[in-house]
Each structure stands twice: as C-alpha cells, then as structure tokens.
Amino acid sequence: MQEQWSRVLDWLRTNAPASYSTLQPPATYEEILAAQQRLAVALPVGLVSLLSMTNGVPAYHPVAEVSFASRFLPGGYMLQPVADIPGYVDMLNGILDQGDPMQAGWWWHRQWLTFASHVCADALFLDLRPGPDYGRVGAFMHEEIADFDAGAHTLEAWVAGIADALEGQYDFGYWRPAVIDGRLEWDVIADPSDRRDP
C-alpha cells in the first residue's frame, strides 16, 4: 500500500497541488485505535496503512462550501478521516436496521466499512464479510443497490489502479484523470472503444 499511495501522492504534489494541499497529516495510532474500538472491528491492514500516510481530507460539512480540490478520487469521492468512519457506518447501519431486512447485502451490510464519501451521500466501502471476497472495494449508492463492478478485489489494487491511471498507463474503469486549476478531476469515457484497459 505504501508504494502505491506514494505514487498517488507524488503525482498530486507535482500535477495537482490544489488537491494535494487538501490532504491531512497521517492518522495517529491512537486515532486508529479509537475508531477500531468504536466500530468493534479491526480495520483492514491496507486501510490502516493508507490512513497512516494520509488521514483523509477535511470532513465534509453540509452547510460549508465543499472544496472541489478535495474530491480527487474517481467519481468525485473524498477520502474519509479515520474519525469520521465510525459515525458514517453507524448512520448507515441505523438506516438499514429501520428498513427492509431484504436490503442487507444489496443496499448496505453491517460488515461493510466506508473509507471515502461523496457529497450526494454515496460512499466507497470495503467488504469485511469472511470469504474469498474479503476486502473487496464496492460503491454504496443511497438510491440504488451497491455496486462492485467498478471496484477492485483489494484496497491496494484499487489504489494501484488510480496510480496507473494518473501516470497515463491505463484508464481507471471508465474514468480518465484531468487537471483543472490545479485540482484533480476525472472525465467520463463515454465511448468504450476509447478506453485504455490493462
């Protein structure tokens, strides 16, 4: 993870300084431990490694203006600070508990753990259910079922895919990086034949 995230950081520092400037210092051991205790689950090693390098971007507040520069992950997602993860997960668990039990595993699951959020209430998560898909990256969409199609089998592979796209090797699914006013954004590739796949 450290090698792959360092590639992303190096690219942001050189090419998208506005986005790079939104990154927070590494999370402390105490902050990570507090989140694990509140969640009552051990955070995956890859996520701990990522947070130990960058503790997300400043927390989103619905009243405050959102910095577009902080929405630099594909799809406009923002990397969550470790202190925000338990509250976000608790909120979704609470909504799930009040809804249709059939939504579990389709809309949200209590063993999913967010690591990035979107201003429209969507999120990226890691699937922590035991089995061969443990650690898989998925997309929670508040008005639809969860999507695993655009994810990766591990957080490390997901970050490596971003690094590859930034360095011009491949596209990240149907996303291609672009820099506007010093901030990283992602253009949608409408024509599948135009995609640069691995």
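The listed residues are T22, T54, and the only one of them that is at pLDDT 95 or above and either on the phi < 0 side of the Ramachandran plot or of a type in the set (K, R) (or both) turns out to be T54.
None of I189, I145 is surrounded by fewer than 20 Cβ atoms within 10 Å (Cβ to Cβ), in contact with a Phe, Trp or Tyr (Cβ under 7 Å, 6 or more places away or on another chain), β-branched (V, I, T) and in contact (Cβ under 8 Å) with a residue 24 or more places away in the chain except I145.
For the range 1-59, the set of residues classified as surrounded by 18 or more Cβ atoms within 10 Å (Cβ to Cβ), assigned to a loop (DSSP other than H, G, I, E, B) and aliphatic (A, V, I, L, M) consists of M1, A16, L23, A27, L43, V57, listed by residue number. Which one of these is at pLDDT 95 or above and within 14 Å of the chain's Cα centre (by Cα): L47, L39? Answer to the selection: L47. The number of residues in the range 18-44 being under 17 Å from P86 (Cα atoms) and not basic (K, R) comes to 17.
Each row is one residue, and each column tells you yes or no for (1) modelled with pLDDT under 90; (2) among the β-branched types (V, I, T); (3) within 15 Å of the chain's Cα centre (by Cα); (4) in a loop (DSSP other than H, G, I, E, B).
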residue: V66; (1), (2), (3), (4): yes, yes, no, yes
residue: M78; (1), (2), (3), (4): no, no, yes, no
residue: G87; (1), (2), (3), (4): no, no, no, no
residue: L113; (1), (2), (3), (4): no, no, yes, no
residue: V119; (1), (2), (3), (4): yes, yes, yes, yes
residue: L126; (1), (2), (3), (4): no, no, yes, no
residue: R129; (1), (2), (3), (4): no, no, no, yes
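Among (1) farther than 20 Å from R196 by Cβ; (2) touching a Lys or Arg at 6+ places or on another chain (Cβ under 8 Å); (3) at pLDDT 95 or above, where does A163 come up short? So the condition that A163 fails would be (1).
In the range 169-192, the residue that is nearest to L73 (Cα to Cα) out of those that are charged (D, E, K, R), assigned to a strand (DSSP E or B) and in contact with a strand residue (DSSP E or B) (Cβ under 9 Å, 6 or more places away or on another chain) is E185.
Among the residues of the range 165-179, those identified as more than 19 Å from A139 (Cβ to Cβ) and surrounded by 12 or more Cβ atoms within 10 Å (Cβ to Cβ) are L166, E167, Y170, V179. All of D197, D149, D191 fail the test of being modelled with pLDDT under 95 and closer than 27 Å to G87 by Cα, apart from D149. Within the span defined as the range 139-150, one or more residues are in contact with a strand residue (DSSP E or B) (Cβ under 7 Å, 6 or more places away or on another chain), among the aromatic types (F, W, Y) and outside any loop (DSSP other than H, G, I, E, B). Being among the basic types (K, R) and at pLDDT 95 or above is true of R176.
The values are calculated or read from the model by the stated rules, or taken from the named source; none is laboratory data. Every value quoted in this text rests on a predicted model; they were computed, and no experiment measured them. With ideal geometry, Cβ positions are generated from the backbone for all residues, glycine too; neighbour counts draw on all protein chains shown.
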